[in-house]
Amino acid sequence: MIVVKSFEVANVGATPLSLTGAAFTPTSSLAYGWKEEPAFPIILTPSQRVSFSVRLSPDLPGFHLGRIILTSSDTHVDRGGHQIDLESRYSGEAGIDCIPERYNFDSTPLGNQAGLEIICRHVLPAGIAGPIPARSVTIDRVSFSPGDSEHFIFPNLEGLLVTPETPLYFRVRYEPTSLGAHSLSAYFYYQGGYNPQNPAHPETPLELVFSGTGVESCLAASPGVLDFGDAPVGEEPQLEVRLTNRCASSFIVQKVEFEAVEDNPFRVINLPRLPLTLPIGEPWILQIGFHPAQGAVYENALLVFPYDTEVPHLSLPLEGRGIGGLVSFSERDIDFGEVLWGETAERELIVGNLGNAEVSILDVLLSEEDREKGFGLEQAAFPMPLPAGESRVFKLFFTSKGRSAEPVGGSLFFLTDEPEDNSQIITLSATPVFAAGTAICEISYLNQILPPSLEVDLGETSVGQENFATYYFLSLGNAPCQVESIGFEACSSSAFRFLPREIPPLPPSSSAPLHLSYAPFAPGRDDSAALLIRTNDLDPERQTIVFQLSGRSLAQSCLAVDPEEAGLTDHDFGRVPVGRCSSELPIRLSNRCDTEMTVPCSPEDVGWEGLNPEDLQIDDWRLDGPGACRLRRFSEETPDALSFTVKYCPQQIDETLAARARLLFSNPQASLHKLYFKGSSAQAACEAPIGGAPIAEICDGIDNDCSGGADEPYRIGYPCDGKGLCGLGVLECAGDYETHCSTDWGGSAWQGSSETCDRLDNDCDGNTDEDFDLYSPCAPDGPGAPAGYTQCAADGLGTICERPMTAIDLCDGMDNDQNGATDEGFSLGASCDGLGQCSAGVVECATPFTTRCSTDHDGSQYVGPAIERYCDGRDDDCDGRTDEDFHLGAPCLGRGSCKTGTLICKSNAAACSTDGGTAEPEFCDDIDNDCDGYTDETFTVGQVCQAPGNCGAGVFECKNAAAVRCSTGWGGSDWQGEFERCDGEDNDCDGEIDENFYDGRLCRGPGECGEGDWECADEFSAVCSTMPGGSEAEADEELVNGFDDDCNGFVDETSPPDDDPLNCGGCGIVCETPNALTACEDGECVIADCDSGWEDTNLEYDDGCETELP
C-alpha cells in the first residue's frame, strides 16, 4: 500500500527566499520517503509557492510518526528551520465477510415473500489483531449471475461502508413469480485488500449464493405485504391481516412464528390457541403490532405453518420504520494507556446519531470517585440536541496523580431521552507510570495507607505508665524515600515522643517503623502535640506529614498491687485447655494514696480491652473497708483492701489472650490502673460425660470419648463385602471393640444359610464346613481293610468314609492310586524355607491334601514359640501371619489425658498410639497430660522450698499450668508476707523489692531529660531521677529545634507561633473571651467577630463583646 500526500511552502515575504534543504529526522518512521527527491537550493520569489510530495508505504500495522526539517534563508526562524510533522495510522489490509454465504429459502408460495437478513462484518487477515482499528471497507458494486434475478430482491449497496465498529446489515427477499426451483449468485466488489474466501487472490469478489422453490399456496393473505410505515420509537401501531382458506379442504394451522426472532419489533396480538382449523373460504383476522426500539428500518415475515407438511406454508412480509434517535459511540472502551505522573492524556469520543430523528443528550456523568482517580470530561452544556446523522465530539482526559502504578478504571454515563435505552456506559482505563527517580512516601497503620494529615489519640494514661502506637513509613516509588526532617511543632507537649529520631533513606519497596508514645508526667491534663515530618515525596502537597497527637493524663497510680506482675507486666496464664480454666490468680489492691478513694463495687464495674477479655473470670470479689465501695489509706490501723481472683477459661482452640482490665478509682487525681493478662488455649483433654477420667471409644453407638462423634474409629456404615456366599453390606458393631459386615453371620441383614458340607462358607462366618469332621482316617470296608478318609456326603448333610479314588494320590504315606509309588505328587523330603523367622527344613505332609515345611508352626521340626513373642513386624511363630497375637489396629485407651487410639508396635510390644510423646505437653494441673504415666513430673511439686523475702520454708505447688511457686510465698496456700512498701525490703515475698514503686527501674523524664531510675520519694511514692527535682535532673536551656530541652513539658515554647489561637504569644495561651470569635494576630489575641446579638462597644479584648443588642 502506497499513499502520497503533498504540502506547500510559500514565500510570504517581500524579498526572495532560498530553500536550502529538507530532510527527514533520524527518528522518523522508515515508511516515509519522498515521492520525488527535491533538488536544492530552490529560490522562491515573493508570493511564489512550491509543492513537496511525501510517500507513505507502511509494511506493518501501527502508528507511523515522522518529521521533516526544512532549512531556508528565512531569518525569522530559529536555528533548526521549519518543522513539518507527519503522522499516520496504518491498520493493515481489510475485507468483508458476509453471513450466511449460502441460503435456501425452501418452498415459498407464489405471491408471497421470504426474507433473510445478511450481516457483513469487517475482517482482518490472519495475524492482524489487537487494539489498532483497521480502515473501513467500501462496497463498490454488486453484480448478479444471469437467470433468476427477477425472483430475488436486493437493496442498493453501492458506496456503503463496513467499519470495524459498525457491521452492515441488509435484507434479501425471495418472491417467486413462477413455479419451480430458482437460484442466484451475488458478487460483491469492494475496496479492500483481503478476501476471506480466497486469501491468495484478494481481487476476486465475495460470492453469496441463494436458492428457493416457488410453490402454490392455498392460504391467501390480504394485504400481501403488511407495511406499518413510520412509527415513533416507543409506540405500537397495529394493523390487521385477513387470512382466507382457498384450499380444497380445511386448513389446520399448526404453528405461527416470525422468521427473524432477534430484535423483532413485531408481535401477534390476538393469536389463539393452536392448532386451529380454518374451514374452506372462512377468513381469519390477525392483529399485528409494531413496536420499534430505535430509529431504523425493520423487515420480517410472519410464517403460518399447516399441520400437513406437504402443504406450503404462508410467508407474510412485514415492514416498518422506527422514527427515533440511535446514539452510537466511536469507542466503548477508552484506554488512555500509560500516563506519566503529573501529566495529562487526552482522548476524543465521537457520539453520533445513527437514527432518523433527533435525540437529546441530557447529561454526561462522571462520579466523584472516578474524578479523584484522575479522569475528567471537558465541560459542556446540557441538554445537548443531536440531530439525525450528526455527531458531537467530547474531549476526555486523564491526569496521572495516583500513588500506585496499578491500572485504574472508571465509567462515563451518557443519559439521553431515547425511550428504550436512555443510559449508555463508556468504560475508562489508564495506567499511571512514574519517571525514574520518583520517591513515594506513605504512612501506614495496620496495613492501611493513611492520609498525610491524621489524628492519633493515645488515650488515657496514668502518670508513670506509657501508651504506645507503631506506624510505618513505606517507600513505594522507584527511588528511595527520604525523611528530610522530623520534629514536634512549637508548644507541643513533651509527654509525647517518637523513635527513631532519624530515619535513613528507605529503598524502594521497603519500610521502617515509627514508634509513638505517650507518658504523661502531670495528672489531669489534655495533652496534645503536632509531629511534623518532611519527605521528598513526588507530590508537593504530600511532602509534609502531620501527626496530631492527643492524650489525657490521669494521676499516678498509688495502688499497691499484689502480685506486682499483674500490675506492671503481663501475667501469663500459659496454655490452658479449651473447656477448662487456669488456676486462680489472687489479686489484692490497697490504697497507698494520701486520700480515701472509691473503688469498683463489683466485677461488672471493671472495664476490659484487648483480645478475648470475655474469657477471663473474676470471682471472690471482696472489699475489706469502711463500706460504700471505699478504701482508706493503707496502714496497720486501716488495712483496707480489695481482693479478688482471676482465672482464664478459653472457649476456642488456638486462641490468644492479651487483655487489660481498666480499674478506675475516684480520688482527687482520678487514678486509672490497668491490670495486664495474657495466655493461650490448648486442645481440650477429654473427660467422660459423667465427669470421670477419659475412657476409650467402644463400638456401641455412644460418644464414649467425648470427641463429638460416636464409634468414629470403627467406620460404622461404610460398605463391606460379606464373607463366603454373602454379598455387599455395611459395617456394624459386633461387640465393644469388633465389627462385622451386616450380611455376615450375626449381622442385621444376614444373607447366609445353615452350613452344609460342600466346601463353601454357607453361613458366612469365615469358616468352611466347620461343622463336619473331614479328612479323618477311617475304614470304609471294616477293620483291616485299606484306609479311607471322611468326605462330604452327596446331600451335604453329613460325611461318609471313602477310599480315595485310585487316580488321586493323597499325602498320607500310602499308595492311594496303586501305582507302586507313595505320595509321588507332593515332593516330600525336598528342601524348603520355613515361614517367617524359621530356618530351612524339608517338605512334609500337613493334611491329606496339603504340605508344609517341617520347620513351620506345627511342623515336625518346629522349635519356635507357641504364639508371637515380639511385636516387631516379623512372623516369629512361623504361621504365615505377622504380629497377629497383638491385635494391631484395635481401639485402645491412652494413658493420662490421652484420647482413644489404636494398638501399634512400640519397643517390641503393643502400645496405644496416643501414649507417650503424642499427647499435649505436661501441665502443672495434677493430670498426666503427656500420657507417660506420671503426673506433673517436670514441676518438682511437693519438694521443700524457701520462699523469697522473710516468708520462710514451704513446699512447691502449682502456680498455674506452666509454673510452680513456694506455698509460703506470694499467692501460695500458706502465704506469710504483707503488702509491699517502698523501703528496700521484699515485704510480700514475691521475689521483688519495692516493685510497686518501680524503685531502681528505668523511667523517662519529660522532653530531653532522658531515661533515669525510679527512686523512692517516701514509703508510699516514687519519682524519676531525671525529672526536674530528681537526683539526676537533666534540664537544659530551651532551643528552637522541635524538642523540649528544658523538660518543662513544652516544645520550643520560646518561639510560639504568631497565629495559633491555642498558643498565642506563648505556649498554652488560648484566645478565649466572652461572646466572641477570637483570632491570634502577631502573637496577640484579638476579637475577630462578635456572636449574634452582641457587640464590642469598648474595643477591649478582656471583656469580649460585652454589650447585648436589644
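The values are calculated or read from the model by the stated rules, or taken from the named source; none is laboratory data. This structure is a prediction, so every number in the text was calculated from the model and none was measured. Ideal geometry is used to build each Cβ from the backbone, glycine not excepted, and the neighbour counts take in all protein chains shown.
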Does segment 288-305 contain at least one residue that is among the aromatic types (Phe, Trp, Tyr), more than 30 Å from Pro387 (Cβ to Cβ) and part of a loop (DSSP other than H, G, I, E, B)? no
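Name every residue in segment 1063-1110 that is within 23 Å of Glu489 (Cβ to Cβ) and in a loop (DSSP other than H, G, I, E, B), in order of residue number. Break it down stepwise before answering.
Initial filter on segment 1063-1110 (within 23 Å of Glu489 (Cβ to Cβ)): 1063-1072, 1078-1086, 1088.
Asn1063, Cys1064, Gly1065, Gly1066, Cys1067, Gly1068, Ile1069, Val1070, Cys1071, Glu1072, Asp1082, Gly1083, listed by residue number.
Can you spot a residue in segment 1026-1037 that is on the phi < 0 side of the Ramachandran plot, out of contact with any His (no Cβ under 7 Å at 6 or more places or on another chain) and touching a residue at least 40 places away in the same chain (Cβ under 8 Å)? Lay out the reasoning, then the answer.
Initial filter on segment 1026-1037 (on the phi < 0 side of the Ramachandran plot): 1026-1028, 1030-1037.
Going one step further and asking which of them are out of contact with any His (no Cβ under 7 Å at 6 or more places or on another chain), we end up with 1026-1028, 1030-1037.
So of that shortlist, the ones also touching a residue at least 40 places away in the same chain (Cβ under 8 Å) come out as 1027.
Looking for residues that are on the phi < 0 side of the Ramachandran plot, out of contact with any His (no Cβ under 7 Å at 6 or more places or on another chain) and touching a residue at least 40 places away in the same chain (Cβ under 8 Å), one finds at least one in segment 1026-1037, hence yes.
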Looking only at residues in segment 197-218 that are surrounded by fewer than 16 Cβ atoms within 10 Å (Cβ to Cβ) and over 19 Å from Leu124 (Cα atoms), which one is modelled with the lowest pLDDT? Glu216
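Would you pick out the residues in segment 167-182 that are of a type outside the set (A, V, I, L, M) and surrounded by 15 or more Cβ atoms within 10 Å (Cβ to Cβ)? Walk me through how you get there before you give the answer.
Kept after step one, since they are of a type outside the set (A, V, I, L, M), are these residues of segment 167-182: 167, 169-171, 173-178, 180, 182.
Across segment 167-182, the qualifying residues are Pro167, Phe170, Arg171, Arg173, Tyr174, Glu175, Pro176, His182.
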Selection from segment 429-448 of residues part of a strand (DSSP E or B) and surrounded by 13 or more Cβ atoms within 10 Å (Cβ to Cβ) yields Ser429, Ala430, Thr431, Pro432, Val433, Cys441, Glu442, Ile443, Ser444, Tyr445
Answer with yes or no whether Ala1017 is modelled with pLDDT of 80 or more and over 52 Å from the mean Cα position of the chain (by Cα). no
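Looking for something among the aliphatic types (A, V, I, L, M) and either over 50 Å from the mean Cα position of the chain (by Cα) or assigned by TED's automatic domain parsing to the domain that holds Val463 (or both) - is there at least one such residue anywhere in segment 1045-1062? So that I can check it myself, show each step before the final result.
First pass over segment 1045-1062, keeping only residues among the aliphatic types (A, V, I, L, M): 1051, 1062.
If we keep only those that are either over 50 Å from the mean Cα position of the chain (by Cα) or assigned by TED's automatic domain parsing to the domain that holds Val463 (or both) too, we end up with none.
No.
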Of (1) over 36 Å from the mean Cα position of the chain (by Cα); (2) at pLDDT 80 or above, Gln543 fails just (1)
Taking segment 820-852, which residues are within 14 Å of Leu810 (Cα to Cα) and among the aliphatic types (A, V, I, L, M)? Ala821, Leu828, Ala846
Condition set out of contact with any Gly (no Cβ under 8 Å at 6 or more places or on another chain), surrounded by fewer than 15 Cβ atoms within 10 Å (Cβ to Cβ) and modelled with pLDDT under 80, scope segment 63-98, selection nearest to Pro196 (Cα to Cα): answer is Phe63
Matching option when the condition is modelled with pLDDT of 90 or more, more than 15 Å from Arg371 (Cβ to Cβ) and not aromatic (Phe, Trp, Tyr), among Glu406, Glu420, Glu442, Glu390: Glu442
Being of a type in the set (A, V, I, L, M), in contact (Cβ under 8 Å) with a residue 12 or more places away in the chain and under 29 Å from Gly212 (Cβ atoms) is the requirement here; does Ile269 meet it? no
Restricting segment 389-428 to residues that are part of a loop (DSSP other than H, G, I, E, B) and basic (Lys, Arg), the one farthest from Glu358 (Cα to Cα) turns out to be Arg403
Residue check, Val1086 against (1) surrounded by fewer than 14 Cβ atoms within 10 Å (Cβ to Cβ); (2) more than 55 Å from the chain's Cα centre (by Cα); (3) free of Cβ contacts under 8 Å to residues at least 24 places away in the same chain, all met but one. Which one? (1)
Residues located in segment 939-956, provided they are closer than 9 Å to Cys924 by Cα and crowded, with 21+ Cβ neighbours inside 10 Å: none
Where Gly355 falls short, out of the listed (1) more than 29 Å from the chain's Cα centre (by Cα); (2) surrounded by fewer than 20 Cβ atoms within 10 Å (Cβ to Cβ): (2)
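Return the only residue of Gly234, Gly224 being at positive phi and surrounded by 13 or more Cβ atoms within 10 Å (Cβ to Cβ).
Numbers: Gly224 fails: at positive phi.
Every option except Gly234 fails the conditions.
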Would you please name the residue that is farthest from His182 (Cα to Cα), looking only at residues in segment 110-159 that are of a type in the set (Val, Ile, Thr) and modelled with pLDDT of 85 or more? Ile119
Return the total of residues in segment 712-722 being surrounded by fewer than 20 Cβ atoms within 10 Å (Cβ to Cβ) and within 24 Å of Asp758 (Cα to Cα). 1
